[in-house]
Every structure is written in structure tokens, then in C-alpha cells.
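Here the structure comes first, spelled out in C-alpha cells, and everything after it is commentary.
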Amino acid sequence: MENLKIENVVASASMDTKLDLEEASRVLDGSEYDPEKFPGLVFRIKKPKTAILLFTSGKVVCTGGKTVEEATQSVNTVKKLLNENGIETTSEVEVKVQNIVASYGLGEDLNLNSVAITLGLERVEYEPEQFPGLVYRLIDSDVVLLLFGSGNMVCTGAKDLNDLESAIDHIKGELRGAGLIH
């Protein structure tokens, strides 16, 4: 879909074992672990540019990837580094997408007051004195769209590209049907 840009893929996984984060911090060069401030270990990877959060429970969160493949690659990189340095983990790691954040440009300005009135208050939050965007919640979807007067949107809550594309097609259809975009 043209004009759609993935900004962040947040994914989770499990190493299926308890982790000693003190030991992991020694193994993962450059990692940050300060349990007084945050209960997890933070490890930043340069390529692909992602951040991995490791928890004592063995749970892993990856953020910053631009694709599901980047998130999976990052989790597997950390697993490999841990295993190579004597910290045993599960043989297979299943990475599950929790949230995809994307931006999309409609290519024309929006009158957010008209959008708010037309789309109905049950699915729209618009308080321009609090936030310059309009929040649009789809029915039967976890995707939330933030629409801005510039015609740009931020899409969040999607688990896959189909969710994103369906949400964008839906809002474009509603806006066209109401004569708010061409």
C-alpha cells in the first residue's frame, strides 16, 4: 500500500526458562540492567536497529523493528548470544507481534471538526485543545487511527499488515462517502 510506512513493530517471545539477568548483563556487551529502576535488562542491537527487553521470567520484548522479520532476527540474535555464552534457552523461539505502528498520508488536508461530526461521537475522540489529532476507533478491530489536519495518520494496535490495510481502507471509504476527501 503506497504511502504506508511501518514505524515500529513490537513483538514478544519467551525463552522458556528463568534468566539470571545479572549474568545476562555480563554476556550481552553494552546492555543496561538496573533492577532498582526497571525490572528488565535492555539490550540495543545496531543492525537491525532494535531494543530487546529481557525479564527474569524468560519473557522477551522487541521494539523498534520495521518488520516482523527484523523483530524475529533480533530475538534470535540475543538467544544465540546467550546460548554461546553458557546461558541455555529454549531451542525454538516463537515471536508474536503485539503491535504495529505505522504512518499513512492521505495526500490531502482534513477538516477535523467535520470529520468528528460526520463519523459520530461513539467512535471519535476530538479535543483540539488537548491534542491536535482526532482519535478514531474502528468497530470490531484493535486498530486505532490518529488523524491530523495535514491528512497524515498514525495507525496503532494492528497485529499484521492486513489489519493495517483494512483499517486504512475503511477510514478512506468513510471519508470519501461523506465527501471529506476525494
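Annotation: amide H-H contacts under 5 Å for N152 (H modelled 1.01 Å from N, sequence separation of 5 or more, or interchain): L106.
Given the rule -39500 (n - 2.57) for each run of at least 4 DSSP H residues, summed and divided by the residues of the chain, what is its mean residue ellipticity at 222 nm, to the nearest 500 deg cm²/dmol? Working shown, then result.
On the way: 4 runs with 49 residues, N = 182.
Per the formula, -8500 deg cm²/dmol.
The dipole here belongs to the range 62-182: it is taken about the Cα centre, uses +1 on the Cβ of Lys and Arg and -1 on the Cβ of Asp and Glu, and is about 100 debye. Sorted from greatest to least, the principal axis extents spanned by the alpha carbons of the chain come out as 62, 33, 28 Å.
Each of T118, G157, F131 was scored by the projection of its Cα onto the charge dipole of the range 95-173, and the greatest displacement toward the positive side belongs to G157; charges sit on the C-beta of Lys, Arg, Asp and Glu.
Helix by helix through the chain, keep the DSSP H runs that span 20 Å or more along the axis on Cα and average at least -1.0 on Kyte-Doolittle, and give those back in order.
Answer set is 68-84, 161-177.
How much accessible area per residue does the chain have, counting only protein heavy atoms and a probe of 1.4 Å, in square angstrom?
I get 56 Å² per residue for the chain.
Ignoring aspartates and glutamates fewer than eight residues from K46 along the same chain, the ones with Cα atoms less than 13 angstrom from its Cα are D29, E70. For the range 33-129, a/c is not less than 1.5, where a ≥ b ≥ c are the root eigenvalues of the C-alpha gyration tensor, and a/b tops b/c. That puts it in the prolate class. Based on C-alpha pairs under 8 angstrom that are at least 6 apart in sequence, the chain has a relative contact order of 22 percent.
For the chain, the carbon plus sulfur part of the accessible surface works out to 48%, probe radius 1.4 Å.
Taking the charge dipole of the chain about its Cα centre, with +1 at Lys and Arg Cβ atoms and -1 at Asp and Glu Cβ atoms, the residue from L81, H170, L4 reaching farthest to the positive side is L81. Would you list which lysines come within 21 Å of K96, measuring only between C-alpha atoms, while excluding same-chain residues fewer than 8 positions from it? Hits, sequence-local ones excluded: K5, K18, K47, K49, K59, K66, K79, K80, K159. Distant-in-sequence amide contacts of Q98, defined by a placed amide H-H separation under 5 Å and a gap of 5 or more residues or a different chain, comprise V10, A11, S12.
Arrange the peptides 82-89, 62-69 so that the one whose residues have, on average, the most other Cβ atoms within 10 Å appears first. Provide the component values of the computation, followed by the final result.
Details: 82-89: 14.0, 62-69: 18.8.
Most protected by this proxy first, the peptides run 62-69, 82-89.
The values are calculated or read from the model by the stated rules, or taken from the named source; none is laboratory data. Only a predicted model underlies this, so the values are computations on that prediction, with no experimental measurement involved. FYI the Cβ positions are ideal-geometry reconstructions off the backbone, even for glycines, and counts take in every protein chain you see. Keep in mind that these areas ignore ligands, DNA and RNA; they rest on the heavy atoms of the full protein, side chains included. Shrake-Rupley method; radii C 1.70, N 1.55, O 1.52, S 1.80 Å.
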